[in-house]
Amino acid sequence: MTITDRDRKILLVVGLLAAVLVYWFVLLAPKRQEANDLKQQIADADAQKQALATQLAGLKASKADFAGDYSTIVRLGKAIPSKTDMPSLLVQL
């Protein structure tokens with residue numbers, strides 16, 4: 001039994017098609033999954049970066065307001081008596 005030219009062409013096309021399918025499922029599919037995993041890691045890192053940038057902006061605003069807040073606390077601390085005189089307070093009430 002001899003192989004004709006037509007049969008050789010069919011076998012060549014089937015062989016090439018099989019090679020393409022093997023490449024697609026064995027080599028390319030795992031790399032696509034790995035690429036998707038890396039994209040997810042990048043998205044998670046970007047979300048964390050955005051959250052940290054927001055937190056940093058809040059901390060910088062708090063640092064800028066610290067001097068005014070501290071002076072308010074000091075002023076209020078001076079307005080509170082150093083010794084609580086409860087018995088005389090009760091007598092006044």
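Listing for the model above:
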| quantity | calculated |
| --- | --- |
| Members of the stretch 18-45 that are of a type in the set (Lys, Arg) and either surrounded by 10 or more Cβ atoms within 10 Å (Cβ to Cβ) or not in a helix (DSSP H, G or I) (or both) | Arg32, Lys39 |
| For Ala51: the one exception among (1) surrounded by 10 or more Cβ atoms within 10 Å (Cβ to Cβ); (2) modelled with pLDDT under 90; (3) out of contact with any Ser or Thr (no Cβ under 9 Å at 6 or more places or on another chain) | (2) |
| Qualifying residue in the stretch 63-77 (condition: exposed (fewer than 10 other Cβ atoms within 10 Å of the Cβ), modelled with pLDDT under 95 and not in a helix (DSSP H, G or I)) | no |
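The values are calculated or read from the model by the stated rules, or taken from the named source; none is laboratory data. Just so it is clear, the structure is predicted and the values come from calculations on it, not from any experiment. FYI the Cβ positions are ideal-geometry reconstructions off the backbone, even for glycines, and counts take in every protein chain you see.
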